[in-house]
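Working notes, beginning with the structure itself.
The values are calculated or read from the model by the stated rules, or taken from the named source; none is laboratory data. The shown structure was predicted, so the numbers you read here are calculated from the model rather than taken from an experiment. When we count neighbours, we look across all protein chains shown, and the Cβ atoms used for this are built from the backbone with ideal geometry, even at glycine. Side chains included, ligands, DNA and RNA excluded: accessible areas come from the protein's heavy atoms. Shrake-Rupley method; radii C 1.70, N 1.55, O 1.52, S 1.80 Å.
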Amino acid sequence: MRKFLIPLVSAVLLTSCATNLSYTGSTFKNSYNSITANELKTHLHVVASDEMQGRDTGSEGQKKAGKYLIGEYEKMGVSHPESMSSYYQTVPKEALQGRRGNLPESENILAFIEGTEKPEEVIVISAHYDHVGMKDGVIYNGADDDGSGTVALLEIAEAFQQARKAGKSPKRSVLFLHVTGEEHGLLGSKYYSENPIFPLSNTVANLNIDMIGRCDKDNCGKDYVYVIGSEMLSSELKKINENANSTNTKLFLNYKYDDPKDPQRLYYRSDHYNFAKHGIPVAFFFDGIHEDYHQPTDDPEKIDYSALQKRAQLVFATAWELANRKDRIVVDKK
């Protein structure tokens, strides 16, 4: 008998190691499935409506969009960090000297779910909620850029909150960070990284979402998403994201732009970079450059809501593992 015991135990151990226990059970599955195309569409038709007048940094339209986001967080019962008096982190006009000229005071918006076992360790999920406003009286709604990421954050937060209500709060804290001023030079995320609500040394990773509702000309008809930066600083983050995908969403993860030397320089062009430059592991989720990028035709009617749903679910599954795994991911690259 003993002769066969060791191989049998080894087989059991190998099987259990190959199974990601964080994705088993009804709580994760129900939360994952709570991210729906219909809810994303409902939110986006508000955030990227003409009423928001293109959400230029510091504009009344952007402030209206911000109030909508806060109202949704209040409805789902997700509050702001305890150290803050509201969801707003004021970004003063002195910090908003952008590449397109000076800007008025604006706000980052922060919603927060505290972890139960390691609350001091924080996963940051970010998206910018500003766009380019109006030009010659024409509204640039920015449904994909970055209305898609903005509403994905709402749905991901709601998924975590649903798990929390079911008795499965994340072990680590999760910060949902809507940043301003991205279109003028990543200014809101720069301000947060220089004035963090939680110490950067305790920030485990940043998952940044910027344009996940469309396809580019090379990939239309495919279930894909571009992932950028996931192994620049931590080899573990890429593995976690790939496992989240293979276990759940099964998208094609396209690494075409996953190189700081790529001519498009996309690694440097969205808000994750203001975390990466401080040594925080990042992953940037992106659908590519399409014909409506920075055009007045970037409207909610053109969004592929099924693709938006799947990509938001991938970010949720990746964040779920980061928040609930035993050990914090390591920074093992420079």
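In the calculated pair-distance distribution of the chain, the portion above 36 angstrom amounts to 15 percent of the Cα-Cα pairs. Here the Kirkwood formula puts the hydrodynamic radius of segment 44-104 at 13.1 Å, using every distinct Cα pair. Dipole magnitude for segment 279-334: computed about the Cα centre from +1 point charges on Lys and Arg Cβ and -1 point charges on Asp and Glu Cβ, it is near 620 debye.
Taking only the alpha carbons of segment 71-175, we obtain Rg and Dmax values of 16.2, 53 Å in that order.
Bridging of Lys64 to lysines at a Cα separation below 26 Å is possible for Lys41, Lys75, Lys93, Lys135, Lys190, Lys302, once same-chain residues fewer than 8 apart are set aside. Cross-link check: pairs Lys29/Lys310; Lys67/Lys165; Lys238/Lys334; Lys222/Lys250; Lys118/Lys250 evaluated at a Cα-Cα cut-off of 19 Å; pairs beyond the cut-off: Lys67/Lys165; Lys118/Lys250.
D by Stokes-Einstein for segment 189-334, Kirkwood Rh over Cα pairs, 37 °C, 0.692 mPa s: 207 µm²/s. For segment 76-84, the Karplus equation 6.51 cos²θ - 1.76 cosθ + 1.60, evaluated at θ = phi - 60°, returns couplings of 7, x, 9, 9, 8, x, 4, 6, 9 Hz by residue, with Gly and Pro reported as x. The local environment of Ser83, defined by Cβ-Cβ distances under 14 Å, has a net charge of -3 under the rule Lys, Arg +1 and Asp, Glu -1. The mean accessible area for residues of the chain, using a 1.4 Å probe and ignoring ligands and nucleic acids, is 43 Å² per residue.
For the chain, the relative contact order comes to 22 percent (Cα pairs under 8 Å, sequence separation of at least 6). Database remark: amide H of Glu107 closer than 5 angstrom to the amide H of Gly58, Val91 (H placed geometrically; neighbours at sequence offset of 5 or more, or on other chains; Pro and chain starts carry no H).
The residues neighbouring Ser189, those whose beta-carbon lies less than 9 Å from its own, together hold a net charge of -1 under the Lys/Arg +1, Asp/Glu -1 convention.
Taking only protein heavy atoms and a 1.4 Å probe, the accessible area of the chain is 51% carbon and sulfur.
Note on segment 263-334: along the principal axes its Cα atoms extend 44, 29, 16 Å, ordered by decreasing extent. Each Lys or Arg adds one and each Asp or Glu subtracts one; over the other residues with Cβ under 9 Å from the Cβ of Phe285, this totals -1.
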